[in-house]
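First the structure, in the form of structure tokens, and then the observations on it.
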Amino acid sequence: MPKFSEQERLVIAQKLMTAAEKLFSEYGLKKVTVEEIAKAAAIAKGSFYAFYPSKEELYFAILVNCQKDMWQKMDTYLTQNSTLKPRDLVKKTMFYILELMQHYPLIKKTDSETMTILFRKLPADVVENHSGEDAEALNLFMNYGVRFTQPIEVVTKTFQTLYGGVVLLEAENEEMRWQVLSVMMNGLVNELVEE
């Protein structure tokens with residue numbers, strides 16, 4: 001494995017993220033190779049593995065970065081809407097997040113087939129760590145007076161399942177998709193959020 005200084009590692013890691021996000025957004029996970037990512041980032045293919053064990057882990061890391069950006073925007077949204085009742089705050093914020101997802105090309109490109117590949121190929125600890133990050137984001141609601149009726153792990157898995165539903169609805173027309181999501185969101189919020 002090649003040795004890189006800390007500064008080189010930071011520069012190369014950013015180049016990998018930028019190049020891979022562009023390629024994945026355009027062609028999808030399955031069609032992009034490690035060789036293509038390395039070439040676009042101007043590094044040797046072998047050097048790629050000094051940063052990521054697989055293209056799937058890189059893809060997932062990019063998704064997580066997109067999500068962290070969304071969580072920051074969510075916190076701002078929560079601050080701006082903090083006078084809403086708890087259930088309304090959660091519902092409106094989650095719809096805001098669903099709309100916000102449309103501004104991230106890689107998230108838009110992540111379909112059910114891609115999710116299946118990721119969950120099959122990613123190490124279990126990577127997926128579990130991500131659930132912890134999602135739980136931290138959902139804990140932001142508590143700073144605004146929201147109390148959940150279930151443990152945060154249950155709330156987290158429930159909203160992750162909602163996202164899975166979003167992915168599965170990708171083939172539906174927009175009106176149907178939003179109707180289904182509205183029904184699901186109302187049910188989840190009524191069940192999970194104290195009034």
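The values are calculated or read from the model by the stated rules, or taken from the named source; none is laboratory data. Every value quoted in this text rests on a predicted model; they were computed, and no experiment measured them. As a convention, Cβ positions derive from the backbone with ideal geometry for all residues, glycine included, and neighbour counts pool all protein chains shown. For accessibility, only protein heavy atoms count, side chains too; no ligands or nucleic acids. Shrake-Rupley method; radii C 1.70, N 1.55, O 1.52, S 1.80 Å.
Structure values in brief
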| read-out | value |
| --- | --- |
| Separation between Cα centres of the stretch 75-154 and the stretch 1-34, rounded to whole Å | 25 |
| Dipole of the stretch 124-186, positive direction: furthest Cα of GLY165, VAL126, GLY145, with charges on the beta-carbon | GLY145 |
| Estimated FRET transfer efficiency when R0 is 25 angstrom, pair LYS108-PHE4 (beta carbons, to 0.05) | 0.15 |
| Whole-percent pair-distance distribution, where bins are 5 Å wide, for the alpha carbons of the chain | 1, 7, 14, 17, 17, 15, 11, 8, 5, 3, 1, 0 |
| For the chain, built as a Gaussian network whose Cα springs stay under 10 Å, the top-fluctuating residue of MET185, MET142, MET74 | MET142 |
| Surface per residue (accessible, 1.4 Å probe) for the stretch 1-152, Å² | 55 |
| Reach of LYS121 by Cα under 12 Å, taken over aspartates and glutamates that are not fewer than 8 positions away in the same chain | GLU56, GLU57 |
| Rounded percent of accessible protein surface that carbon and sulfur make up, the stretch 6-89, 1.4 Å probe | 51 |
| Whichever lysines have a C-alpha closer than 21 Å to that of LYS22, once near sequence neighbours (fewer than 8 apart) are set aside | LYS30, LYS31, LYS39, LYS45, LYS55, LYS68, LYS108, LYS109 |
| Nearest-20 debye value, the stretch 1-148 charge dipole, Cβ charges on Lys, Arg, Asp, Glu | 240 |
| At most 15 other Cβ within 10 Å, DSSP loop - chymotrypsin sites (Phe, Trp or Tyr not before Pro), the stretch 1-93 | TYR49 |
| Accessible-area order (highest first, 1.4 angstrom probe) of the listed residues ARG9, ARG120 | ARG120, ARG9 |
